[in-house]
1. Sort all Cα-Cα distances of region 19-469 into consecutive 10 angstrom bins from zero, then give the percent of pairs in each bin up to the one containing the longest distance.
2. Using a 7 Å offset from the Cα along the Cα-to-Cβ direction at both residue 455 and residue 48, what is the distance between the two label points in nm, to one decimal?
3. Can you send over the solvent-accessible area of residue 448, 1.4 Å probe, protein chains only, in Å² to the nearest 10?
4. Can you put 467, 61 in order of accessible area, largest first, using a 1.4 Å probe?
5. Pop out the carbon and sulfur fraction of the accessible area of the chain as a percent, whole number, probe 1.4 Å.
6. Whole number please: convex hull volume per residue, Cα atoms of region 291-391, in Å³.
7. Estimate the FRET efficiency between residue 70 and residue 279 by the formula 1/(1 + (r/R0)^6), using the beta-carbon distance for r and 45 Å for R0, to the nearest 0.05.
8. What ranking, highest mean first, results for peptides 126-138, 27-39, 283-295 when packing means the other Cβ atoms within 10 Å averaged over each residue?
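The values are calculated or read from the model by the stated rules, or taken from the named source; none is laboratory data. These numbers come from a predicted model, not from an experiment. Note that each Cβ is placed from the backbone with ideal geometry, even for glycine, and that neighbours are counted across all protein chains shown. Side chains are part of the model used for accessible areas, which takes the heavy atoms of the whole protein and leaves out ligands, DNA and RNA. Shrake-Rupley method; radii C 1.70, N 1.55, O 1.52, S 1.80 Å.
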Amino acid sequence: MSVAALPAPVRSDFPTGFVWGAATAAYQIEGAAAEGGRSPSIWDTFSRTPGKVRNGDTGDIACDHYHRYREDVALMAELGLGAYRFSLSWPRVRPGGTGPANETGLDFYDRLVDELLGKGITPVVTLYHWDLPQALEDAGGWLDRETAYRFAEYAALAARRLGDRVPTWTTLNEPWCSAFLGYGSGVHAPGRTSPVEALTAHHHLLLAHGLGTAALRAELPSSAQVSLTLNLAAVRPAGRTPADLDAARRIDGLANRIFLDPVFKGSYPADVLADTAHVTDWGFVHDGDLAEISRPIDSLGINYYTPTVVGADDPSDPAPRQDGHAGEISPWPADEGVRFVPAEGSRTAMGWPVDADGLYELLTRLRDELPGVPLLVTENGAAYDDYSDPSGAVHDPERVAYLHGHLDAVRRAAADGVPVGGYFLWSLLDNFEWSFGYGKRFGMVHVDFASQRRTPKDSARWYAEVIRTGRLPEE
Ligand code: FCB
């Protein structure tokens, strides 16, 4: 055979076996809120509480994915996705949070998993993406350590049914949001505003992760991967003064090390305990909890959108403090003296500065601090004010640019030795963006919520081409 007849060598910009995916979450897309035996979650309650979600939007119908999952999986296949990260609705799998599994709820996920596998798409399951059964909230929610035990039972029920076909399981998505936005600033369900409650919920969520990991291991084949997804912050000091550096240390503690230390080292960081000593004595940490929390996991999921720039507060500065989380009350316990400064760069429709270097910084930091822990980018993406033009097309050049920059950061990180094995674009579909309702569109596929029509945006075509070639196009 002559050299000319050989196929062109396939050169990918990304590591061999790199997983290309997209992500969603149950409450944000499923709808069918009162079908198939599902009970209400804290997000059903919260979205019905006047003033909590823009426009009074709820997840009652959302993208109607519960009924349209076949069409959605077909879209994924058309785009060439290798994996799909979705969450199970706890109140669908175990309505009311206790008792036996709801077989009708599990049947839905069974069908979804089979549909995915039938199209060669690997299912990646998250157990908790914020939709706590309301009945468990009524019994104390994440302020009660019993909730962590209920979570482990739910994890076991789900694994028993789906574990033969789902290779990767994530216990929690972004427990920082559940604890600090749910119990600190109150902009997420259950909408409470108490620093001590935020830290209590934080610990019980981590306990749920640990107990859930054990429950999963007991049910799943030994080949299964168990992970945790965190929205770690790429924290940068606003300046070089000792006060700025101390502010950055403080927020790094509350955003990052408050998770990484207990999960990977089995202890809470001493400086975080000291910083929060006036808030709580951490008496909710019981003997043995940290051993549970630090059970080995197989990979860590990272969700990244924008960096976090912090400096020392200047009381003479009349500018309002900005924490990037849209609430008037700070989500952070013990952030006295800290000022949040917007990063440079253009902004997305969320007002979040676009800064791909933050993702590179985060990934390389984790390479150095958690040697050998495989990483996945489990969420990354951007909201823009997309609309479908008279021809029916949705042009979203800003999202293409955002994705290009951030995928380039992943590529650079991999080239610099970061063990990053995959990327999941947030999100497959425009969906219910929590307290922002349907007003913020993160999808690579546009959803017309009145007709439920799906239209792949230009970014979806662009991403499909990246997946197909394994390369980022020339700019
Ligand atoms: C993350 C959430 C996800 C979505 C994106 C924009 O914090 O995990 O559900 O809302 O932000």
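1. P(r) for region 19-469, in whole percents per bin: 4, 22, 34, 28, 10, 1, 0.
2. Going by the 7 Å Cα→Cβ label model, 3.4 nm.
3. About 60 Å², ignoring ligands and nucleic acids.
4. Working: 467 30, 61 105 Å².
Of 467, 61, the descending order of accessible area is 61, 467.
5. On the way: 9370 of 17750 Å².
Exposed carbon and sulfur together represent 53 percent of the surface.
6. On the way: hull volume 19.5 nm³, N = 101.
Output value, Cα hull per residue: 193 Å³.
7. Working: r = 49 Å, r/R0 = 1.08.
Computed FRET efficiency for residue 70 and residue 279: 0.40.
8. Working: 126-138: 23.4, 27-39: 21.5, 283-295: 15.8.
For the peptides 126-138, 27-39, 283-295, the packing ranking is 126-138, 27-39, 283-295.
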